[in-house]
Every structure is written in C-alpha cells, then in structure tokens.
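The values are calculated or read from the model by the stated rules, or taken from the named source; none is laboratory data. Keep in mind it's a predicted model, so treat the numbers as computed, not measured. Virtual Cβ from ideal backbone geometry, glycine too; neighbours counted across all protein chains shown. What goes into the accessible areas is simple: the full protein's heavy atoms, side chains included, and nothing from ligands, DNA or RNA. Shrake-Rupley method; radii C 1.70, N 1.55, O 1.52, S 1.80 Å.
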Amino acid sequence: MNNTKPTPGKPAQIIVDGKTLECPTFVGTENEKAMDISKLRDSTGYVTFDNGYANTSPTTSSITYLDGDNGILQYRGYPIEQLASQSTFLEVAFLLMNGELPSKTELEAFEKEIESHQTVDESFLKFFDIFPKKAHPMAMLTGATVGLSTIYQTEVDPANKDFTKKNAIRLLAQFPALTAAAYRHGKGEKRVAPKKGLDYASNFMHMMFSQNDSYSVPKEIVAALNLLLILHADHEQNCSTSTVRLVGSSAANLYASVAAGITALWGPLHGGANQAVMEMLEEIQKDGGDIAKTIAKAKDKASGFKLMGFGHRVYKNFDPRAKIIKVACDQVLKTMGIQNPLLDIAKKLEEAALKDTYFIEKKLYPNVDFYSGIIYSALKIPTDMFTPMFALGRMPGWVAQWKEMVEGGTTKIGRPRQIYTGYTKRDLKRG
Ligand code: CMC
C-alpha cells in the first residue's frame, strides 16, 4: 500500500515579536507543501488563527487527493472519472479501505463478507418505530448508527485491528438496511429484509422499494446508483470526515465517530445541500421560473440566501463530480423516459450563474449536490432521503479515514486553541 511519509523540506522561519521559530516543512506526493507550526505557541506565545480551518491540515493522508484549482479528484491515485466509469461501489469501497483495488478473488470474498453481515436484527430495527412519522431520516440514521455499537459493544476497542476490520465490514454492510428502515418508517411501510445474491445497489433498492417477491431493479437504476455512490465515496478532509476523525481522535469507537460524521453531513452547507438544491429548484418553479430573481437574491448578502449546490471551499474550478453527474443526469432521464422540468431550471440557473461576474470573480461553480437530486428523484428517492444517500456513499470514506487515523497510531487528540474574547476576571458580588 502506498502510504509514504511526506518528504522533509528546508525548514522555514517564523519571526514574531523578535522571536524566531524554525518550522519543519514537508512535501506530499502531489507536491503539496506544509509547515509544521505545532511549536509556534511554545516558541513565540502566538497561536494560529484560521477561521473554518481554511488553511490547516490536521493530518497527512494517503487516501484521496484533491486539486481544487485544476478540478482533480483521485482515490488512492485513481482518477474519479476512471473509477466512475469502470468500477463498482464495493470495489471502490475496498480500494479506499484497503489501499489497493481488489483482485477478482478478493472482490468476490469482500462481496460475500458484506452479504453475510447485511442483516440487522429486527429487534434492533424496532428502534425506528419510536420516531415520529415525519422524523428526518438523518436524525434516525445518526441514532441507529451509534446504536449499532451497543450490539458489538465488547468488540469496539479502536486499538484492536481485528475489531476494526469487523466493524468496518459491519457498518458498510448494515448501513443500507438502516437507510431503508428510515425511509420505510416515514412511509409507514413494513421493513423488508435484505436479499442474498443481489449486488450492493440492487439490494439497497430492494429494501427501499420492494413490495413483493417479484420486485427487480432495472439495470439503468443500478448503474445510476452505483455511479452516485462512487462519486460520494470520499472527499478527503471535508466537514463530516474531519468530524469523524476529530471524534475518533478521542479513541471513541467507529460507530460513535461515524454517527458524528452523519450529523455534520446533514447541514445544508455540506451534504444537506442536495436536499436544499431540490427545494430551491421547486421554489423557483412555483415562482414561475424566474432565474434572474434567484441569481439576484444569491448575490444580495442581506437576503441570507445562497445559490445551493454552488461553491466549494476547495474547488475554485469545476467540481469533477458535478461534471460527471450532469452528463449522467441527462442520460438517466433519457433512458428512463423521464422529463423533469426541474432539470431545465437547473441548467438555466447554472448557465446564468456561470456568466455572472459575481460567480465568476468568486470562482463559484456547481458542486456535487447541484444535479444529484434530479437523478435521485428519477430513482423515486424522495427529497428528504437525498442526504442519507450521500451518507450511504460516503460510508467507505469515513471508515477508511477513521481506520487510517487509528492504525497510523500517531494522531493526537484533536484539541484546537481559541482566542478568548469574553470578560476578564471579575469578582462575584452578593448581597
Ligand atoms: N451563493 C452565493 N454566494 C456564495 C455562494 C453561493 N452558493 N458560495 C459562496 N458564496 C460567496 C460568499 O458569500 C463569499 O462572498 P464574500 O467573499 O463576498 O463574503 C464568497 O463567495 C466565498 O464564499 P465562502 O462562504 O467564504 O466560502 P466557503 O469556502 O467558506 O464556503 C460553501 C463553501 C460550500 C459552504 C459555500 O460555497 C456555500 O455555502 N455553498 C452553498 C451550499 C452548498 O452547495 N454546499 C455543498 C458543498 S459541496 C458538497 C459537500 O461538501 O457536501
């Protein structure tokens, strides 16, 4: 497995208030340069201030490489475009979690292992019954994911590699059943058990939609789902993955760490954007399709509105996932004979934004969430299930990142500093 240490570079100097710190520097395999400032406070009394961690790397990682200026995304060195067109989701999951693509025999063994762990005990699934019908599935999934740890509670110690291996498989294998259970609960429908002999995507669709034994998933649906899951599988140190690592850095178990990642993903600035995009498009449609009005509102800071599915912390160029999804969107709708007026609205919105100076100057492009919802809708997945679909895809990434951190053995507990701006010391005066 390629997991080289970064190459040391020439030390850098930080001079502040007449004090000098020699900072070690190092370079990653894609020439990303970093400066180790961990001794800055001890040497100079200063801490760094970096709102939103915009310029902070809390870790090295050999899983995913992202070049936001050039729109490049690679999992373990493989370009996302190649994986998206030539792999299955479980192959990509194996790659992320183990470092290399599986051989045919390894893949078959991996698929069998996933299949053998895909059933979640019905007594545990009763957990979903306590929620209100209208409960958001992301809330239910957070609870259910951390809840799984209670089943395996004697085998969750992160220091035990065998446990980590087992829990990685269990989580990946059982998350589809949890996701489908959340959906069925909202619909007031009976849960459907996983079926042996189906691939990962088909089995998920079976648990979601099967009403009787004759249910089978059309191959274009399986292909579209497989593609979306691959495109969401990892994205280096994004908000939810950093959350998984931060929680895991306290030696919390995998289920607890991933459950925290799910809550981070739920926010509309992160994975929740796919739901927000669809709601925005529906709103525009209701409002008579006024694109110019929406663009103007997104540019008006006082409105508090942002163009959902647009912009990214790291991509200052096209998000390569959005490019693939846009093409897939047209293809899926065409193959399935679906006409969705929201797709036209989305395209017009994109076209208008990309011509507008505000979006050009701020380098705001459509991101992964802009078109994905239109495909999910074509697959009959309701809007409030879009973010759970993102979570389903992101699972191998969260697991791989947590595993890398735990097995690396060098991660310290995540504990940022702050600049205190409250009252200075004052005395309590009573009576
Ligand atoms: N619509 C209008 N203005 C925007 C948008 C947008 N979607 N995104 C950024 N801007 C403006 C922002 O107001 C700021 O303007 P100014 O410099 O005048 O203050 C400038 O562009 C830079 O944006 P930022 O908010 O400082 O950038 P960030 O890196 O902190 O935030 C973001 C990135 C993704 C949270 C943000 O672009 C956003 O809120 N986008 C909409 C939500 C969205 O689509 N999220 C999904 C992200 S991709 C998938 C994922 O991570 O899950």
Conditions (1) near the ligand (Cβ under 10 Å from one of its atoms); (2) within 15 Å of the chain's Cα centre (by Cα) -> P388 fails only (1)
Scope segment 135-160; condition under 12 Å from A182 (Cβ atoms) and either charged (D, E, K, R) or not in a helix (DSSP H, G or I) (or both); matching residues | A135, H136
Go through segment 156-201 residue by residue and tally those that are closer than 19 Å to L228 by Cα and surrounded by fewer than 19 Cβ atoms within 10 Å (Cβ to Cβ).
-> 2
Would you check which residues across segment 299-318 are over 17 Å from D369 (Cα atoms) and free of Cβ contacts under 8 Å to residues at least 40 places away in the same chain and list them?
-> D300, K301, A302, S303, G304
Residues of segment 1-60 satisfying the condition of being among the hydroxyl-bearing types (S, T, Y) and open to solvent by 90 Å² or more (accessible area, probe 1.4 Å) = T29, Y46, Y53, S57
Given the structure, is Y358 within 15 Å of the ligand (Cβ to nearest atom), over 23 Å from the mean Cα position of the chain (by Cα) and either modelled with pLDDT of 95 or more or open to solvent by 10 Å² or more (accessible area, probe 1.4 Å) (or both)?
-> yes
By residue number, the members of segment 342-354 that are open to solvent by 50 Å² or more (accessible area, probe 1.4 Å) and aliphatic (A, V, I, L, M) are L354
Given segment 253-341, what helices (runs of 4 or more DSSP H) lie entirely inside it while holding 2 or more residues that are surrounded by 22 or more Cβ atoms within 10 Å (Cβ to Cβ) and more than 9 Å from the ligand (Cβ to nearest atom)?
-> 254-266, 273-286, 320-335
Just one of T241, T164 is within 19 Å of F386 (Cα to Cα) and assigned to a helix (DSSP H, G or I); which is it?
-> T241
